[in-house]
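Chemist: Below are the structure tokens for one structure; questions will follow.
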Amino acid sequence: KRTTIFNSINLLLVLTALILLNLVGTGSYRRFDLTRNDAYSLSQVSYETLARVEDPLRVKVFYSPEVPAPYNGVRQYLLDMLREFQTAGSDLFSYEIIDPTSEEGRREAQSLGLQQIEIQEVRSDEFASRAVYMGAVVQYGNVVERIDGITTTEGLEYRLTTAMRSAITQVDALAGASGPVT
């Protein structure tokens, strides 16, 4: 009888500790990348790029939501990477997902110079082709850098970081100009 009471008390203590640990953990976010070569972590260059940000740096994603595999996985990878950039960056970094299937989203994508991509998909034993947006725009100051054709995860961090560095460098160069820019 005594063993049963001790087992019950131990179980109750373990459950209480787990609940308390869970409550403390909900207020903080920490992700660990246990893959070889930190495959899902940002590179040092990306962290250095984010450290150079002095003005709001915005990334607008124009990626059609109803794309078939493998493009839906690329879309999710892009969004996960942007979340990682936001976690690593300051309050000056933000991203926004714009639905390019809406008229307003399509108009904005066109005004920013993004191009549609023709994809093929199999639906009900038939091949269908449609034009979708799969791109992003980096805005820093009044500089806009386009990333068109995001169809694979390969080199995606490099493309995003390069676009960010290019925008930051252009704004920094223009800030140092002594005369009017033409």
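The values are calculated or read from the model by the stated rules, or taken from the named source; none is laboratory data. On a predicted model such as this, the values are computed, not experimentally measured, just so you know. All Cβ positions, glycine included, derive from the backbone under ideal geometry; neighbour counts span all protein chains shown. Quick note on the areas: whole protein, heavy atoms, side chains included, nothing else; ligands and nucleic acids left out. Shrake-Rupley method; radii C 1.70, N 1.55, O 1.52, S 1.80 Å.
Chemist: Just by accessible area at a 1.4 angstrom probe, what is the order of F6, F127, F93 from largest to smallest?
Modeler: Final ranking, largest accessible area leading: F127, F6, F93.
Chemist: Kindly identify the range 64-143 as rounded, prolate or oblate by the Cα gyration tensor criterion: order the square roots of the eigenvalues as a ≥ b ≥ c, call it rounded if a/c is under 1.5, otherwise compare a/b with b/c, prolate if a/b is larger, else oblate.
Modeler: oblate
Chemist: Using only the alpha-carbon atoms of the chain as identical scatterers, what base-10 log of I(q)/I(0) does the Debye formula give at q = 0.10, 0.12, 0.16, 0.18 Å⁻¹?
Modeler: Normalising to I(0) and taking log10 leaves -0.55, -0.71, -1.03, -1.20.
Chemist: At a Förster radius of 35 Å, what calculated FRET efficiency corresponds to the Cβ-Cβ distance of L15 and D91, to the nearest 0.05?
Modeler: 0.35
Chemist: OK, next. Where does the chain land at 222 nm, in deg cm²/dmol rounded to the nearest 500, when only DSSP H runs of n ≥ 4 count, each adding -39500 (n - 2.57), divided by all residues?
Modeler: Roughly -14500 deg cm²/dmol at 222 nm, from the helical runs in the chain.
Chemist: For the chain, give me the percentage of DSSP beta bridges that are antiparallel, rounded to the nearest 5 percent.
Modeler: Within the chain, antiparallel bridges account for around 75 percent of the total.
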